[in-house]
Structures are given as C-alpha cells and as structure tokens.
Amino acid sequence: MQQTIADPRWAAIVERDTAADGTFYYSVQTTGVYCRPSCPARLARPEHVDFYPTPADAERAGFRPCKRCKPDQMGARRRVPAEIRFTFKPSSLGLILVAQSALGVCAVLLGDDHDMLVRDLQQRFPTATLVPADSSLASLVAARIEGSGREDELPLDMQGTAFQRTVWRALREIPRGTTQSYSDIARRIGRPNAVRAVAHACASNPLAVLVPCHRAVRRDGALAGYRWGIERKRALLERELRARS
Ligand SMILES: [Zn+2]
C-alpha cells in the first residue's frame, strides 16, 4: 500500500486526472472492475488497486471494464486521424517536422535528427499511416517559428484528451512576449489543484510554438523543462520579448 500511495499513478487517480487517461488503467480488487485514471466513481482504497498498461492486461488479470468510465472504449472515443502527412523544414531552432491531418496541423516537433522526429511522430499517433508529403502549411509554420505571421492563422487539429486540449487552449491565450506559471494556468481553467496535471499537459503538447507551451514557467519564474530542450525555450522567449519591446 505504501508503494501504491507513493506511485505517481495513484496521484493521477486521486486527482481524477483526464490527462493520464490512456496512459494506464487500474483495477479495484473489491469490485472486480478496472477503470481509467479519471473515473468519477468513489475513490478505491490504495491497498485494493493494481496498475496495467492496457485494458487487455487488466482483463487478462480477471477484471471487467467499469460501466461508469468505460475504459475499454477509450480508443473508440478519441478521434485519431488515419493518415498523417508530414514534411521537414530547417529553422533557426533546428529541424522542424510539420504534420498535418485532414483537419489541420496536428504536430510540430523540433529536433536535430530526421529519424528521431519521425519516430516521435509515430509514437504520438501509433495507429496512423505516416506519408511524407510537402505541405503548404509547413512554410507558414516555419514563418511562425521565426517570429512572423499571426498566432491564429493556421488551422490546428489538436489531438489530446479533453483536459489536455483545455490546457492547450489556455496556453494559446498567453500573449506573445509574456509567460504564465503552471499554477496561473490551472487557476484560469478552473482547476487550481491540478498544477501537476497542467505541467504534464504542457509537456505532452504535440504542437511546438503554435501551442506556446514555452510561455509556461514555474511559479518562481524559472523556465522549468521543455520537451524540445531548454535552450530552444529560452531562445523562443527572448525572441518574443525582443519583438515586443
Ligand atoms: Zn470506472
């Protein structure tokens, strides 16, 4: 039980963190069901809880899906694109991979290595067919990254849980050239206690720069982490600050 309480997955269950949905499942020994982390049902006792990476693992262990949170229907409820076109652009921040679904830009990833970026894309969209193809949006994205162009001129297809998308929308409201703390953002979306979940959602943002997670910082103003490297975060913020003054 001590072990369960110390497990970050237990914290996600206590917070009913929708950002954790799809990342693991948990069973409750006393009821014989398994749930997703955000299940609204009464909180189980930690000594009755076990964790599984997939619904299939929980079912193999003898548990049935909870009728309230329907953990076996997670995949069906997410609107995941079947085909994603992607292209690369060089930029002052390194290589950019721009990926596009039928609805809009679904990923902007920064890095130094083509293969690593494609692997990252495939991990984020494991069921999608990835097609290398030039995209007219890629040049617009590249321009955005260099600091020109409007924030809202690109159609975005934000693929994430409801909670993640709420956080990402809040990030897009932070004015260029300014920063906000994770706790400010948590308060702003009406979830003041979900600071850690907010930081998590920022870190899992698939749309570098277009969803400006680089403008989210720690409460003491420290830059905290950045999925694409703290140096890129610093460069982006400095550039935005310069453009503002
Ligand atoms: Zn449940």
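The values are calculated or read from the model by the stated rules, or taken from the named source; none is laboratory data. On a predicted model such as this, the values are computed, not experimentally measured, just so you know. Cβ sites come from the backbone with ideal geometry, for glycine too, and all protein chains shown count toward neighbours.
Starting from residues that are surrounded by 21 or more Cβ atoms within 10 Å (Cβ to Cβ) and assigned to a loop (DSSP other than H, G, I, E, B), keep the ones in the range 1-37 and report whichever is farthest from the ligand (Cβ to nearest atom).
Taking the candidates together, the pick is Asp17.
Quickly run through the range 55-73 and pick out the residues that are touching a helix residue (DSSP H, G or I) at 6+ places or on another chain (Cβ under 6 Å) and over 11 Å from Tyr26 (Cα atoms).
The answer is Asp72, and nothing else.
Against the definition (surrounded by 14 or more Cβ atoms within 10 Å (Cβ to Cβ), hydrophobic (A, V, I, L, M, F, W, C) and not assigned by TED's automatic domain parsing to the domain that holds Glu231), how does Leu103 come out, yes or no?
no
Of everything in the range 38-47 that's out of contact with any strand residue (DSSP E or B) (no Cβ under 6 Å at 6 or more places or on another chain) and aliphatic (A, V, I, L, M), which residue is surrounded by the fewest Cβ atoms within 10 Å (Cβ to Cβ)?
Leu43
Only one residue in Gln164, Gln159 is in contact with a Pro (Cβ under 7 Å, 6 or more places away or on another chain) and buried (at least 21 other Cβ atoms within 10 Å of the Cβ). Which one? Explain how you work it out, then say what you get.
On the way: Gln164 fails: in contact with a Pro (Cβ under 7 Å, 6 or more places away or on another chain).
On inspection, the qualifying residue turns out to be Gln159.
On the given criteria, is Arg85 among the basic types (Lys, Arg) and part of a strand (DSSP E or B)?
Yes, satisfied.
Being assigned to a strand (DSSP E or B) and surrounded by 14 or more Cβ atoms within 10 Å (Cβ to Cβ) narrows it down to one of Val108, Val131, Val141, so name that one.
Val108
Restricting attention to the range 39-75, and to residues there that are assigned to a helix (DSSP H, G or I) and within 13 Å of the ligand (Cβ to nearest atom), which single residue is farthest from Pro8 (Cα to Cα)? Reasoning before the result, please.
Start the filter on the range 39-75 by keeping residues that are assigned to a helix (DSSP H, G or I), which leaves 46-48, 55-60, 71-75.
From what is left, the residues that are within 13 Å of the ligand (Cβ to nearest atom) are 55, 58, 71-74.
Working: Pro55: 19, Ala58: 19, Pro71: 19, Asp72: 22, Gln73: 24, Met74: 21 Å.
Ranking the qualifying residues of the range 39-75, first place goes to Gln73.
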